[in-house]
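Enquirer: Here you go, one structure.
The values are calculated or read from the model by the stated rules, or taken from the named source; none is laboratory data. All values derive from a computational prediction rather than experimental measurement. Reconstructed Cβ throughout: ideal geometry from the backbone, glycine too, with neighbour counts over all protein chains shown.
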Amino acid sequence: MIATDVRPGFSLPQRFYCDPAVYREDLERIWLRSWLFAGHSCELAHAGDYLLVEPGSDSLLIVRDADGQLRGFHNTCRHRGSRLCDLESGRFERSIVCPYHQWSYGLDGALRSCGGVDRETGIDPAELGLLPVRVEEVGGLVFVAIAGDAPPFGPCRAELEPMLAPQGLARAAIAARRSYLVEANWKLVWENNRECWHCHVGHPDYIAANYDARPDTESTRAELSGRAALLSELGLDANHTEVGLAPFPSAGRWWSTNRTPTVPGFVTESLDGRPVAPVMGDYPSHDVGTVRVRALPGFWCHASADHAVTTRLLPVGPTTTRTDVYWLVDEDAVAGRDYDLDRLLPFWLRTSEQDWELCERNQLGVAGSGYRPGPYSPSREANVIAFTDWYLSHCGDSR
């Protein structure tokens with residue numbers, strides 16, 4: 001049974017946002033047993049390309065092998081446990097070599113050379129390949145799961161694949177990336193993303209382009225319906241409501257996706273609503289709304305016709321979360337000719353950094369002796385309530 005001080009419909013008690021013991025349980029019960037966003041297919045386009053993903057104290061190595069398959073391994077040598085790779089991304093020429101004693105592994109993780117230890121000990125080299133983790137690739141996005149009991153990926157793929165198909169993320173390029181250490185617990189960062197009650201004051205650029213903070217009036221619904229109808233004529237399914245076949249999140253649903261129209265005058269999420277790059281993927285024009293994707297515990301994406309912005313969360317400590325924000329454009333787009341960073345970046349750079357400041361203020365207040373859990377608004381914070389319920393369902397009976 002969940003601890004009695006957790007009150008339904010209220011924010012969580014202080015320990016859930018501050019206590020090192022709760023943080024360790026979060027890693028074990030959620031982050032190490034979930035599908036984590038690792039990166040983008042375009043970052044792993046060639047044999048030997050690799051990425052590191054580091055939730056908590058774990059380090060995972062994602063690499064494209066010689067046959068074009070994505071592989072995932074613990075970034076740990078099978079000899080005496082040395083860390084294999086330090087750079088966050090790069091390319092292996094032919095093999096993965098441990099810098100400590102030069103044990104060598106193929107891109108498929110198989111042990112190639114161990115200095116003759118196999119002959120001295122009689123141990124079969126096949127038993128000493130890199131420890132694997134599962135990797136899935138969908139619509140240009142790459143996910144990794146450490147534990148074998150992570151949820152099935154198939155249902156997520158079935159929804160994300162058709163929604164992401166016209167976006168062409170697999171044929172994209174990274175135009176820019178910004179990384180931050182946000183001094184806030186990962187749950188506060190996620191909760192902040194799940195509501196737009198704060199948007200009127202916190203995100204003036206965002207609300208200018210989107211319907212999220214608009215009042216639910218007959219005129220707003222009619223305008224949304226008209227905008228959605230225009231997208232339907234292009235063969236694009238649009239629905240401002242993110243809930244699909246089942247509530248998000250729920251016990252078996254850790255992802256959601258939808259396409260939502262932007263307001264009239266905005267054909268992309270830019271400061272003035274005008275295009276900032278060439279059309280991506282298979283879109284017929286710029287005015288196609290935005291595709292939104294969310295995947296617990298640490299990923300969201302807003303993708304317009306001309307660029308996509310993805311955000312990855314990784315827990316660093318009880319009150320620290322690393323956030324990586326990526327801007328993607330069509331692979332043939334050339335900086336300075338087809339797009340300029342001073343027009344591409346500001347919309348989501350401002351919105352993201354505004355959020356990080358709000359999250360840090362939230363953490364500072366929660367950490368004080370005057371904090372008491374407060375009531376969520378069922379109308380404005382329904383998604384936060386759903387997240388908290390999902391989170392508590394993963395906590396077991398030890399809190």
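Enquirer: Considering every residue within the range 25-46, establish whether at least one is β-branched (Val, Ile, Thr), assigned to a loop (DSSP other than H, G, I, E, B) and crowded, with 17+ Cβ neighbours inside 10 Å.
Expert: Yes - at least one qualifying residue is present in the range 25-46.
Enquirer: Need pairs with beta-carbon distance below 7 Å; first residue within 14 Å of LEU296 (Cα to Cα) and within the range 137-160, second in a strand (DSSP E or B) and among the acidic types (Asp, Glu); sequence gap 6+ or separate chains.
Expert: Once the first residue is within 14 Å of LEU296 (Cα to Cα) and sits in the range 137-160, its partners that are in a strand (DSSP E or B) and among the acidic types (Asp, Glu) give PHE143/GLU136; PHE153/GLU136.
Enquirer: Among the residues of the range 321-331, is any surrounded by fewer than 16 Cβ atoms within 10 Å (Cβ to Cβ), modelled with pLDDT under 95 and in a loop (DSSP other than H, G, I, E, B)?
Expert: Scanning the range 321-331, I find no residue that is surrounded by fewer than 16 Cβ atoms within 10 Å (Cβ to Cβ), modelled with pLDDT under 95 and in a loop (DSSP other than H, G, I, E, B), so the answer is no.
Enquirer: I'd like to know if the range 13-20 contains one or more residues that are under 27 Å from CYS395 (Cα atoms), surrounded by 18 or more Cβ atoms within 10 Å (Cβ to Cβ) and over 25 Å from the mean Cα position of the chain (by Cα).
Expert: Within the range 13-20 (the criterion being under 27 Å from CYS395 (Cα atoms), surrounded by 18 or more Cβ atoms within 10 Å (Cβ to Cβ) and over 25 Å from the mean Cα position of the chain (by Cα)), the answer is yes, since at least one residue qualifies.
Enquirer: Just checking, which of PRO378, PRO284, PRO373, PRO297 is surrounded by fewer than 21 Cβ atoms within 10 Å (Cβ to Cβ), touching a strand residue (DSSP E or B) at 6+ places or on another chain (Cβ under 8 Å) and assigned to a loop (DSSP other than H, G, I, E, B)?
Expert: Going through PRO378, PRO284, PRO373, PRO297 in turn, just one is surrounded by fewer than 21 Cβ atoms within 10 Å (Cβ to Cβ), touching a strand residue (DSSP E or B) at 6+ places or on another chain (Cβ under 8 Å) and assigned to a loop (DSSP other than H, G, I, E, B): PRO373.
Enquirer: Also, quick follow-up: Quickly run through the range 212-226 and pick out the residues that are farther than 17 Å from THR290 by Cα and of a type outside the set (D, E, K, R).
Expert: PRO215, THR217, SER219, THR220, ALA222
Enquirer: Pairs needed: first member in the range 283-305, more than 30 Å from ALA150 (Cα to Cα) and polar (S, T, N, Q); second member anywhere, assigned to a strand (DSSP E or B) and modelled with pLDDT under 95; C-beta distance under 9 Å; at least 6 residues apart or different chains.
Expert: Final answer for the pair search is none.
Enquirer: Can you tell me how many residues within the range 104-156 are aromatic (Phe, Trp, Tyr) and in a strand (DSSP E or B)?
Expert: Residues flagged as aromatic (Phe, Trp, Tyr) and in a strand (DSSP E or B) within the range 104-156 amount to 2.
Enquirer: Which one is farthest from ASP342 (Cα to Cα) among residues in the range 249-262 that are crowded, with 20+ Cβ neighbours inside 10 Å and of a type in the set (Ser, Thr, Tyr)?
Expert: Only one residue fits best here, namely SER256.
Enquirer: If the requirement is being surrounded by 22 or more Cβ atoms within 10 Å (Cβ to Cβ), farther than 17 Å from ALA172 by Cβ and either of a type outside the set (Lys, Arg) or in contact with a strand residue (DSSP E or B) (Cβ under 7 Å, 6 or more places away or on another chain) (or both), which of these qualifies: GLY289, GLY265?
Expert: Within the list GLY289, GLY265, the selection yields GLY289.
Enquirer: Taking only pairs six or more apart or across chains, which ones have beta-carbon atoms under 6 Å, a first residue in the range 103-119 that is farther than 16 Å from PHE92 by Cα, and a second residue that is modelled with pLDDT under 95 and part of a helix (DSSP H, G or I)?
Expert: Cβ pairs passing all conditions: ASP118/PRO125.
Enquirer: Starting from residues that are of a type in the set (A, V, I, L, M) and surrounded by 13 or more Cβ atoms within 10 Å (Cβ to Cβ), keep the ones in the range 79-117 and report whichever is modelled with the lowest pLDDT.
Expert: By that ranking, first place goes to VAL117.
Enquirer: Name every residue in the range 346-362 that is touching a residue at least 60 places away in the same chain (Cβ under 8 Å) and over 21 Å from the mean Cα position of the chain (by Cα), in order of residue number.
Expert: ASN362, the sole residue that qualifies.
Enquirer: Identify the residue in the range 173-201 that is of a type in the set (Val, Ile, Thr) and either touching a Cys at 6+ places or on another chain (Cβ under 8 Å) or at positive phi (or both) and, among all such residues, is surrounded by the fewest Cβ atoms within 10 Å (Cβ to Cβ).
Expert: Result: ILE174.
Enquirer: Take LEU313 and decide whether it is in contact with a Gly (Cβ under 6 Å, 6 or more places away or on another chain), in contact (Cβ under 8 Å) with a residue 40 or more places away in the chain and not in a helix (DSSP H, G or I).
Expert: yes
Enquirer: Let me spell it out: the conditions are (1) surrounded by 12 or more Cβ atoms within 10 Å (Cβ to Cβ); (2) farther than 19 Å from THR323 by Cα; (3) of a type in the set (Gly, Ala, Ser), and ALA158 meets all of them except one. Which number is the exception?
Expert: (1)
Enquirer: A further question on this structure: Among the residues of the range 58-83, write down those that are part of a loop (DSSP other than H, G, I, E, B), within 26 Å of LEU181 (Cβ to Cβ) and in contact (Cβ under 8 Å) with a residue 24 or more places away in the chain.
Expert: The answer is ASP58, SER59.
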